[in-house]
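Q: Attaching a single structure in structure tokens format; questions to follow.
The values are calculated or read from the model by the stated rules, or taken from the named source; none is laboratory data. These figures come from a predicted structure and were not determined experimentally. Quick reminder, even Gly has a Cβ in these numbers, built from the backbone with ideal geometry, and neighbours come from all protein chains shown.
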Amino acid sequence: MSSSHRAFFVLGTSQLAPRQVIPGHGGVFADVERALQTARKRLAGLERDPVKHARHAMKVLMKFKLLELHAASHAEWDRWLAGTPYFERIRARFFAGESLVDLTSELLAELIAVGAAQSDASGVHNA
């Protein structure tokens with residue numbers, strides 16, 4: 001975490017003293033301190049495990065693409081994965097011993113396992 005982000009978590013929230021938070025997704029909530037504690041734990045975990053962070057980043061990008069497309073044929077999905085430079089950069093840095101096809105197939109299977117995506121003969125679908 002950058003020093004400016006760390007400073008915000010330490011000082012910024014006490015100076016702002018928010019009573020409610022309107023998140024980018026989900027409902028409005030008032031337990032700001034609990035939410036910040038949860039966020040701090042998640043960030044610390046991602047800092048400790050860059051490989052986990054890399055996998056998470058790839059899955060998030062895949063999910064956002066499914067939200068955008070709703071569905072894609074397997075050929076379209078594979079073209080998008082191969083044509084998105086960020087995937088190859090992450091693969092080369094963290095998963096050099098694995099092909100992009102194998103890695104993204106594994107990540108898609110994880111999205112399917114948690115109910116965030118579906119795949120059938122016609123293609124890949126948002127869930």
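Q: Are any residues in region 76-103 part of a helix (DSSP H, G or I) and in contact (Cβ under 8 Å) with a residue 24 or more places away in the chain, and if so, which ones?
A: E76, W77, Y86, F87, I90, R93, F94, L103
Q: Helices (runs of 4 or more DSSP H) wholly in region 13-75 with at least 1 residues that are within 28 Å of D120 (Cα to Cα) - which ones?
A: Hits in region 13-75: 50-69.
Q: Filtering region 30-62 down to residues that are of a type in the set (K, R) and surrounded by 15 or more Cβ atoms within 10 Å (Cβ to Cβ), which residue is nearest to A113 (Cα to Cα)?
A: Result: K59.
Q: So how many residues does region 40-82 have that are touching a Gly at 6+ places or on another chain (Cβ under 9 Å) and modelled with pLDDT under 95?
A: Final tally of qualifying residues: 2.
Q: Return the residues of region 63-75 that are of a type outside the set (F, W, Y) and either surrounded by fewer than 13 Cβ atoms within 10 Å (Cβ to Cβ) or free of Cβ contacts under 8 Å to residues at least 12 places away in the same chain (or both); say none if nothing qualifies. Even if it seems obvious, please write down each step before you answer.
A: If we filter region 63-75 for residues that are of a type outside the set (F, W, Y), which is where we start, we get 63, 65-75.
Matches in region 63-75: L67, E68, H70, S73, A75.
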